[in-house]
Structures are given as structure tokens and as C-alpha cells.
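Worksheet: one structure, shown below.
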Amino acid sequence: MLGSSRLFQNQLLRWYRLHRRELPWRAALGAHPDPYYVLISEAMLQQTQVATVIPYFLRFIKTFPTLADLAAADQQQVLHLWQGLGYYSRAGNLRLAAQKVLADFGGRIPQTVPELLTLPGVGRYTAGAVASLAFGQRTPILDGNVVRVICRLDAIQDDTTSASVRSKLWIRAEELLPTADLGDFNSALMELGATVCLPRRPACDICPVRAHCQAHATGIQERLPARAARKARPVERRWIIGIAHAGRFLIEQRPAKGRWASLWQFITLLAVDTPTARIISSATGLRLGRVRSLGSFTHNLTHRRYEFQVYRCEATGDVANVSPRVWVSAAELAKYPLPQPHLHVAQMLQNGP
Ligand code: SF4
């Protein structure tokens, strides 16, 4: 195949060495990055843009400079540093992975894909990234950028979300690998996808491997990679209620499993009709004054869409017995990790009528 030639590898590597972005988790050219940095950055980069990740990464390694620091960290502190990045299970798994590395691998992140796959939250992609980028192992990686580049190089027009096509792409990613400079080569493929072979309007005129690209040769690059039509996202409706008392708001912790696991939120109820003080009282055990609407907003996730209606009301009478919920001031609220929609609600409550 065109894309597996030595010339292709050399052209891509040469371009990467000249044009790669300086990123805080990357090492100097020719050196291997710290595997701990690779593990954290790859977890953060899943479904998230590089520009968003950089400040999170810097804060994270400032707080937990070593894997041992992360293993000993408090779960809520880790979640707090992740606040706003989404997919919070990644944060919990990173901490568990650090603990497993200490317990089972003597504190050294393992070098091989099979060993890396035993760490919580580490899948084939992250294992390949750590093994190749940090340890120079000859193993492929296949993220969204690499999928796009390979589909275009080989003019693959099948649906890339199908398992059989994915497995062919893994094989193809392995075939492309050179015999040396594995970390740089995998980084170069991802970098090409992130900066040149863009989803829309790829910059083919400056592409270092254009001569090897079958999609460009036939002018179909913008139609690739092909995807099955996306299913409509189900809509879930919730009320979020800022219950206030003496300058404090009532918050509750989410369950330890599932979406936004272990994060905190304002009182959230399934939306059924129009919330009244009676309905909210029966859910919280509090006596409440008038319920006022502060507005509504939507929050899109990959597989579902939330519609939140936001209300505020005052609690009256005895407010002491609310365990396991807690009353917090605005200053105290900043210490609790909140999902993105509830950060937005905190803002609405501050600005509200
Ligand atoms: S020529 Fe265009 S479509 Fe082909 S790999 Fe380069 S940027 Fe992507």
C-alpha cells in the first residue's frame, strides 16, 4: 500500500520535527516523555481539545507532581481539579491506576500494552500511547485523528464506527509503523490529523504526505471518514432547585457510580410538571416558600441531551436535619466539585432575581 513506504514515514517524521506543537506533556525532540505525563494527558485528551486540556494538565501536575502523589490523593480533590473537563470517570480511574501501579508494579508505570491494559480506565488507545510515546514500543495507536488520516490515505469509505472496520484500521495503523522512532511517528500521525488533515477543509496543499493520499488524488477527502447517521439523542428533563437559607444553598452528592459520579449538585429532581413548594418539600423534607423560575438551558452529551429548568426557593423553619445533604455558602461551594450544568446554575443563582 502507498502509505506504508519508507518514504512516507520519512516525510511524515521530517514534517513533525519541523512543525510539531510544543505541549507541556511532550519531551524535547528525540527524548521520551515522562510516562506519568503521557498517562494524564491522554486521559484528559479523550473527547477534549488540546487548548482546553493544557491548563488542566498544568494544574494537575502542579498539585500531583508524581504518581505517588496522585495515588495518595483525596478523590474529591482529584474531581475538583477535573471540574469542567467532563467524563469524570477518567479522573477517578487515573487515581485508581496510580494506586495499582504502586501496589503491583513497584511504582513504575509498566511498559507493555498487556500490562498497561490491567490499569483501571486504560484501554487499547491509552495503552498504545504510553507504550509507544513514553517507552518507544512498536505498537500502534488509533485515535480520531489517526482514523481520519488513515481513511483518507487509503480512501477507506466504510463506516468507521463498525467494529470490523475499526479492527482493520488497527491493523493498518500497525502496518504504517516504522522500525524506529515509534513515539515520534505515532505523535506525527496524530499531529497531522490535529493540525493539517482536519475534519473539514483539510489543508492538503501543505500536507507532507499528499503524494501518498488516495482520497486527495480522487478529490473525496472531505467526505471521509464515513460514519453511519447519528441516532437522535434522547432528551432527559430535570428540575434543578437552588434551595436557599440564610445565605447558604443546599447541595447533595451524586451516587458513586454513573454520570458525574461522586460530584456534588444542587437539588435535582426528575421534571414532571411544574414544581411547587409541596413537591419539593416532599422530596427534601424541608418547609419552603414560593418557588421562582430562573430560566432553563440545555446540556448536550454524546448520547443524550438534558433540558434543565432552574428554580430558586427559600427554606423556612427547621433546616438542620438535611443529612446527607449539606448547606454551603458561595465560598464553601467553590471547594466542592460540580458538573458543568451545576456550575452554570451556581452562576444563575448568583445573578438571579
Ligand atoms: S492530502 Fe489532504 S486528505 Fe490526504 S492526508 Fe494530507 S491533508 Fe489529509
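Residues in segment 306-329: is at least one closer than 25 Å to Y87 by Cβ and without any contact (Cβ under 8 Å) to a residue 60 or more places away in the chain? Looking for residues that are closer than 25 Å to Y87 by Cβ and without any contact (Cβ under 8 Å) to a residue 60 or more places away in the chain, one finds none in segment 306-329, hence no. Candidates in segment 81-121 are the residues that are within 30 Å of A334 (Cα to Cα) and hydrophobic (A, V, I, L, M, F, W, C); of these, the one that is nearest to the chain's Cα centre (by Cα) is L85. Within segment 263-314, track down each residue that is part of a strand (DSSP E or B), in contact with a Ser or Thr (Cβ under 8 Å, 6 or more places away or on another chain) and not aromatic (F, W, Y). Within segment 263-314, I267, R287, L288, R305, E307, Q309, V310 meet the criteria.
Before we move on, is G136 of a type outside the set (D, E, K, R) and surrounded by 19 or more Cβ atoms within 10 Å (Cβ to Cβ)?
no
For segment 301-341, filtering for residues that are under 19 Å from V235 (Cβ atoms) and β-branched (V, I, T) leaves 2.
Can you tell me which residues in segment 279-300 are closer than 30 Å to R230 by Cβ and touching a residue at least 40 places away in the same chain (Cβ under 8 Å)? Across segment 279-300, the qualifying residues are G295, F297, H299, N300. Is it fair to say H19 is in contact (Cβ under 8 Å) with a residue 60 or more places away in the chain and either assigned by TED's automatic domain parsing to the domain that holds K257 or within 30 Å of K168 (Cβ to Cβ) (or both)? Considered against the rule, which asks whether it is in contact (Cβ under 8 Å) with a residue 60 or more places away in the chain and either assigned by TED's automatic domain parsing to the domain that holds K257 or within 30 Å of K168 (Cβ to Cβ) (or both), H19 comes out as yes.
For segment 315-353, give me each residue that is loosely packed, with under 11 Cβ neighbours inside 10 Å and either among the basic types (K, R) or in a loop (DSSP other than H, G, I, E, B) (or both).
Those that are loosely packed, with under 11 Cβ neighbours inside 10 Å and either among the basic types (K, R) or in a loop (DSSP other than H, G, I, E, B) (or both): G317, D318, A320, N321, S323, P324, P353.
Per the conditions (1) buried (at least 17 other Cβ atoms within 10 Å of the Cβ); (2) under 27 Å from the mean Cα position of the chain (by Cα); (3) more than 10 Å from the ligand (Cβ to nearest atom), the sole criterion not satisfied by P202 is (3). Is it the case that H212 is touching a Phe, Trp or Tyr at 6+ places or on another chain (Cβ under 6 Å) and at pLDDT 95 or above? For H212, the condition - touching a Phe, Trp or Tyr at 6+ places or on another chain (Cβ under 6 Å) and at pLDDT 95 or above - is met. Name every residue in segment 168-186 that is modelled with pLDDT of 95 or more and of a type in the set (G, A, S), in order of residue number. A173, the sole residue that qualifies.
On the given criteria, is R238 within 26 Å of the chain's Cα centre (by Cα), under 30 Å from V165 (Cβ atoms) and surrounded by 14 or more Cβ atoms within 10 Å (Cβ to Cβ)?
no
Of all residues in segment 221-237, those being near the ligand (Cβ under 9 Å from one of its atoms) and out of contact with any Cys (no Cβ under 9 Å at 6 or more places or on another chain) number 1. Is there a residue being among the aliphatic types (A, V, I, L, M), away from the ligand (no atom under 16 Å from the Cβ), in contact with a Leu (Cβ under 9 Å, 6 or more places away or on another chain) and farther than 30 Å from L7 by Cα anywhere in segment 262-274? Checked against the condition, which is being among the aliphatic types (A, V, I, L, M), away from the ligand (no atom under 16 Å from the Cβ), in contact with a Leu (Cβ under 9 Å, 6 or more places away or on another chain) and farther than 30 Å from L7 by Cα, segment 262-274 yields at least one hit. Restricting to segment 205-215, and then to whatever is assigned to a helix (DSSP H, G or I) and crowded, with 19+ Cβ neighbours inside 10 Å, can you tell me which residue is nearest to the ligand (Cβ to nearest atom)? Per the criteria, the residue is A215.
Taking segment 67-183 as the region of interest, the helices (runs of 4 or more DSSP H) fully inside it that hold 3 or more residues being more than 16 Å from the ligand (Cβ to nearest atom) are 67-71, 75-82, 89-104, 113-116, 124-129, 163-176.
Yes/no matrix, rows are residues, columns are (1) within 15 Å of the chain's Cα centre (by Cα); (2) of a type outside the set (A, V, I, L, M); (3) surrounded by fewer than 20 Cβ atoms within 10 Å (Cβ to Cβ); (4) modelled with pLDDT of 95 or more:
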residue: S41; (1), (2), (3), (4): yes, yes, no, yes
residue: T48; (1), (2), (3), (4): yes, yes, yes, no
residue: P55; (1), (2), (3), (4): yes, yes, yes, yes
residue: T63; (1), (2), (3), (4): no, yes, yes, yes
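Whether a residue is under 22 Å from L45 (Cα atoms), within 27 Å of the chain's Cα centre (by Cα), in the same structural domain as S132 (by TED's automatic domain parsing) and not small (G, A, S) was assessed, and L189 passes this test.
The values are calculated or read from the model by the stated rules, or taken from the named source; none is laboratory data. The model shown is predicted, which means the values in this text are computed figures rather than measured ones. Cβ: placed from backbone, ideal geometry, glycine included. Neighbour counts: every protein chain shown.
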